[in-house]
Amino acid sequence: MLPTLCRFSRDPLRTPNPTGGTTLKAESRSGEGARGRRRGRTSRAASRLLPSFVGPAEPLRRTIPTYELLDEDDLVRLEEHSDWILDEIGVEIHDGEALDLFGQAGARVDGQQARFEPGLVRSLCATAPPVFQMFGRDPTSGITVGGDSVVFTPAYGPPFVSDLEGGRRYATIIDFENFVKLAQLSPWMHHSGGTICEPVDLPVNKRHLDMVYAHLRYSTKPFMGSVTSAERAEDSIQMARICYGTDYLEEHCVIQGNINVNSPLVFDGVMVDSLKAYARANQGCVISPFILGGAMGPVTQPALVAQAMAEAMVGIALTQLIRPGSPMVLGVFLTTMNLRTGAPTFGTPEANLATYAIGQLVRRLDLPLRVGGHLTSSKVLDAQAAQESGDTMLVGLQAGANFVLQAAGWLEGGLVIGYEKFVFDLDRCGSLSRMLTGLVVDDNTLAADAFREAGVGTNFLGVDHTMANFETANYQSDLADDTSFEQWSDAGSLDSAHRANLRWKEMLADYRPPPFDQAVDEALRDFMDSKKASDEDRWY
């Protein structure tokens, strides 16, 4: 009998295996020009400025209000328009079982087309829980999804990676493992992510096994499995069962599938098969239409909002017909495009306004909301990346996001995950986490004793209140440089990208894998070996 729940990481007597996994050295690899001559001094200075951190992510709860853009009349009209789309236009579903289930629930099914009376799909979503728990490999790694909780997760899906020395290149399984480790180290990442990058050095039909193994081996946080075929979804769930125990998964959500609608208004067979696999196992799905205005939907934002809600609700409804009460997140990836070139654009005012509206509509459904995170079209970590990412992320949080996918690393419209961008975004996640906790007004923060001690005309640096609160009064950035020009110059004149470059290398050098039970490890490897041996490699 295989080992059950991975309780081994709770044992304080176990010590981490310092040789597990692959890490990169902290030193710079360039060594050219003035930066090369100053490398040693620069690395030492950056190490003093950039503290290491290891440990679980602190639960993040929103105490600030959400932004309410639309009034009641506008919200009702959008809901009615979603119902109109589902009733008159309908949704195409490439799955016989799903069509049968919808037909039995009252939908009008004609071939692969399903149409729904107003209110039907909304009512079918009602059994999805408004709040649910996800569990990690140790008790400190669990998260709450929904309500006032906010969860940050890494980028998802890029086939390329980049860093300052290596440039843009195809991702490998080593890159994938590195980003799992960086997410595990960060107190601002609550979730290990899914396909953080595509390891294209592994066969398409087998790489999902190594990705799920990396999440289980190198992280203790909840994660996402494969959705690229029914078999790969089932493999992902089975590996979670090997680690956690079959009975445990019946009552606890530890893994999710990221299900994208094939917009406009199509659910393809691959996505439906994966959706069904996760729902049947009582594991989670994030149902996310991916809509570029003018391409996968109309060019005007209200129409896109109504379409996105219609598509996402159909996905949620199907999961509840498969297994009522299975834990789901309603996710919308909705943005604009450059109508002259066809390129997706991010952080635009139109997309941001749509995000506010979607947040209001999802709250009326009483479901957890997924939004995009630090999104940008920029190819490098520059001012454009900072502006677009900052606008998109902040608006998503103001809109009421519970689950933020793509919170760290995203570049080039999602084609690339950048090492420097990843840790730069981690730092922003930390700052935004502080903002979401709001402003506490109490005896300590009003600081009457500090006024009494300092009196008039005296600074507050040495008073007891400052000494008692200085470590926690303000968020302290890992990457921002607030030294004098002379100190900055002496440390190598590093910009944000180069400071981030040193930071991710330092983090990987410091990484130690969490304890892992040898019997579970062997069982996972046996399962992977058996699955890989059962089929020839396929590269497309």
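Which one is farthest from THR140 (Cα to Cα) among residues in region 45-76 that are modelled with pLDDT of 95 or more and in contact with an Asp or Glu (Cβ under 6 Å, 6 or more places away or on another chain)? Only one residue tops the list, namely ARG62. Condition check for GLN518 on (1) under 25 Å from SER141 (Cα atoms); (2) in contact (Cβ under 8 Å) with a residue 24 or more places away in the chain: one failure, at (2). When region 279-301 is limited to residues that are more than 23 Å from LEU339 (Cα to Cα) and more than 18 Å from the chain's Cα centre (by Cα), the one that is surrounded by the fewest Cβ atoms within 10 Å (Cβ to Cβ) turns out to be ARG280.
Scanning region 260-305 for residues that are touching a Lys or Arg at 6+ places or on another chain (Cβ under 9 Å), part of a helix (DSSP H, G or I) and under 28 Å from VAL76 (Cβ atoms) yields a count of 1. Of the strands (runs of 3 or more DSSP E) lying entirely inside region 149-236, the ones with 2 or more residues being crowded, with 19+ Cβ neighbours inside 10 Å are found at 149-152, 160-163. Filtered by the rule that a residue be touching a residue at least 12 places away in the same chain (Cβ under 8 Å), of a type outside the set (Asp, Glu) and touching a strand residue (DSSP E or B) at 6+ places or on another chain (Cβ under 6 Å), region 90-107 gives GLY90, VAL91, ILE93, LEU99, PHE102, ALA107.
Residues in region 107-118 that are assigned to a loop (DSSP other than H, G, I, E, B) and surrounded by 13 or more Cβ atoms within 10 Å (Cβ to Cβ): ALA107, GLN112, PHE116, GLU117, PRO118. Of the helices (runs of 4 or more DSSP H) lying entirely inside region 395-456, those carrying at least 1 residues that are closer than 30 Å to LEU334 by Cα and touching a Leu at 6+ places or on another chain (Cβ under 6 Å) are 419-436.
Among the residues of region 422-458, those identified as of a type in the set (Val, Ile, Thr) and without any contact (Cβ under 8 Å) to a residue 40 or more places away in the chain are VAL440, VAL441, THR445, VAL456, THR458. For region 288-310, the condition of being under 30 Å from PRO515 (Cα atoms), β-branched (Val, Ile, Thr) and in contact with a helix residue (DSSP H, G or I) (Cβ under 6 Å, 6 or more places away or on another chain) holds for none of the residues.
Outside any strand (DSSP E or B), over 30 Å from THR437 (Cα atoms) and hydroxyl-bearing (Ser, Thr, Tyr): is that true of SER123 in this structure? So SER123 fits the description; yes.
PRO65 fulfils the conditions (1) in a loop (DSSP other than H, G, I, E, B); (2) touching a residue at least 12 places away in the same chain (Cβ under 8 Å) except for a single criterion, (2).
For GLY325, the conditions (1) at positive phi; (2) at pLDDT below 95 all hold with the exception of (2).
Identify the single condition in (1) at pLDDT 95 or above; (2) crowded, with 21+ Cβ neighbours inside 10 Å; (3) under 22 Å from the mean Cα position of the chain (by Cα) that LEU304 does not satisfy, given that it satisfies every other one. LEU304 satisfies every listed condition except (3). Can you say whether ARG108 is over 17 Å from VAL266 (Cα atoms) and touching a Phe, Trp or Tyr at 6+ places or on another chain (Cβ under 9 Å), as far as the supplied structure shows? When the stated conditions are applied, ARG108 does not pass them.
Check GLU486, GLU471 and return the single one that is modelled with pLDDT of 95 or more, surrounded by fewer than 10 Cβ atoms within 10 Å (Cβ to Cβ) and of a type outside the set (S, T, N, Q). Before the answer, list the steps.
On the way: GLU471 fails: modelled with pLDDT of 95 or more.
None of the others qualify; the one that does is GLU486.
Of all the residues in region 313-332, those that are farther than 16 Å from PRO130 by Cα and surrounded by 24 or more Cβ atoms within 10 Å (Cβ to Cβ) number 3.
The values are calculated or read from the model by the stated rules, or taken from the named source; none is laboratory data. Model, not experiment: these values are computed from the prediction. Positions of Cβ are generated from backbone atoms using ideal geometry, with glycine treated the same way; all protein chains shown enter the neighbour counts.
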